[in-house]
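The next block holds one structure in the form of structure tokens; read it before the comments.
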Amino acid sequence: MSVGRTIVAGVTDTRGIVHPRTGFEHFSLDRFPPSPALAAFTDRFWLVRWDLPPEEVFVQPVLAHPCVNLVIEPDRAAMYGVPTVIGRQTLRGQGWALAVMFRPGGARVFLPGPATEMVDQVRTVEQLWGPDGEDLVAGVRAALSDTALSGTALSGTALSGTALSDDAISSAAQLMDDFLTKRIPDSPGPAAAAAIGAAELIAADRRLTTVEQLATRTGRSVRGLQRLFAEHVGLSPKQVVRRYRLLEAAEAAAAGTPVVWAEVAAELGFADQAHLTREFGKAFGVPPARYLRGS
């Protein structure tokens with residue numbers, strides 16, 4: 001089945017990408033939707049490409065969404081569980097990475113065990129799916145091989161040497177989409193939808209700053225939410241709330257406009273500016289003011 005895809009050149013939501021303006025000087029990021037059947041469990045496909053001078057090495061920090069990602073690259077392919085700390089991706093030469101970002105809680109139906117078992121873990125595609133996984137990886141790499149290169153980069157960055165045609169990208173993404181769609185259980189169960197809905201409510205409503213508020217909004221007990229998130233999301237509800245609020249604080253800093261951190265702290269539900277500063281520093285390695293300066 002062919003899926004028409006709108007490949008978005010560039011992005012406006014940069015949550016998770018540390019210092020995005022600097023990052024986009026070194027790589028392009030494009031996003032496009034999954035098929036309708038897969039959309040219940042996955043948020044988006046994303047494609048990163050880079051073409052750096054031979055002597056240049058660029059390190060991009062990432063504080064990921066509380067989601068699992070399935071990532072295929074020329075030299076590795078794996079499911080990456082929800083991380084609890086900031087990660088760093090080292091880019092050199094030419095390259096690409098095509099991935100599916102699951103909805104928070106959405107990967108559980110494709111995993112052999114509870115989502116907590118994947119936190120801070122990496123499982124290769126072959127470990128999870130054996131020969132079928134190997135075939136998927138080979139097919140994606142073939143679709144995005146050098147024979148698929150065109151002369152125009154989608155995002156307008158200096159990537160003429162590694163620009164992939166829309167047809168090549170769509171073909172590779174279709175392979176991943178079909179592979180996962182065939183593995184959706186006939187009856188995923190109401191808990192899967194409940195976990196995804198609760199986590200995405202946190203992501204969508206920045207006014208939601210406590211687990212008690214989430215319990216009220218979802219009609220579940222705090223303990224019930226904790227069990228639900230342990231099975232399907234991996235992180236606790238409190239951790240997911242804090243992750244999204246910190247991502248929003250970083251997004252405010254990355255916007256390039258003056259930031260009144262006391263106001264940001266109050267809006268995002270932190271007890272005070274000092275509390276925000278401590279939590280921000282733990283997550284990003286630097287306090288908000290230094291992050292704002294790009295250092």
How would you rank Ser35, Ser221, going from fewest to most other Cβ atoms within 10 Å of each one's own Cβ?
Ser221, Ser35
Ala37 versus Glu55: modelled label distance in nm, points set 7 Å from Cα along the beta carbon direction
5.2
Residues whose placed amide H lies under 5 Å from that of Thr84, excluding near-sequence neighbours:
Asp120
Positive-pole candidate from Phe32, Gly81, Leu180, dipole of the stretch 8-181, charges at beta carbon:
Gly81
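Per 0.36 nm of contour for each residue apart, how much would the distance between Arg183 and Glu134 grow if the chain were fully extended, relative to their Cα-Cα spacing?
Details: separation 49, 0.36 × 49 = 17.64 nm, distance 1.54 nm.
Gain in length upon complete extension: 16.1 nm.
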Using eta = 0.890 mPa s and T = 25 °C, Stokes-Einstein with Kirkwood Rh from Cα pairs puts D for the stretch 190-293, in µm² s⁻¹, at 172
With +1 on the Cβ of every Lys and Arg and -1 on the Cβ of every Asp and Glu, the dipole magnitude of the chain about its Cα centre, in debye rounded to the nearest 20, is 1040
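Write down Rg/Rh for the stretch 8-181, rounded to two decimals, with Rg from the C-alpha atoms and Rh from the Kirkwood relation over Cα pairs. Don't jump to the answer; show the numbers that get you there.
Details: Rg = 15.5 Å, Rh = 16.5 Å.
Taking Rg over the Kirkwood Rh, I get 0.94.
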Report the extension gain between Arg217 and Asp13 in nm, rounded to one decimal, defined as 0.36 nm multiplied by the number of residues separating them, less their alpha carbon distance.
70.9 nm
Quick one: Debye curve from the C-alpha atoms of the chain, no solvent, what's log10 I(q)/I(0) at q = 0.10, 0.12, 0.16 Å⁻¹?
-0.56, -0.81, -1.37
Only loop residues by DSSP count here, and only those with at most 16 other Cβ atoms within 10 Å; note down the GluC sites (Glu not before Pro) in the stretch 45-120 that meet that.
Glu55, Glu56
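Let's test the formula: R0 of 25 Å, r as the Cβ-Cβ distance of Glu117 and Ser145. What FRET efficiency results, to the nearest 0.05? Let's see the in-between values first.
Working: r = 34 Å, r/R0 = 1.36.
So the FRET efficiency works out to roughly 0.15.
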Once phi for every residue in the stretch 221-232 is put through the Karplus expression 6.51 cos²θ - 1.76 cosθ + 1.60 (θ = phi - 60°), the whole-Hz ³J(HN,Hα) values, with Gly and Pro written as x, are 6, 4, 5, x, 5, 4, 5, 4, 5, 4, 6, 10
Mean ellipticity per residue at 222 nm, deg cm²/dmol - from DSSP H runs of n ≥ 4 across the chain, formula -39500 (n - 2.57):
-12000 deg cm²/dmol
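Read the figures in this text as sums done on the coordinates, not as results from a lab. Remember, predicted model here, so these are calculated numbers, not experimental data. Neighbour counts run over all protein chains shown; Cβ positions are idealised from the backbone, glycine included.
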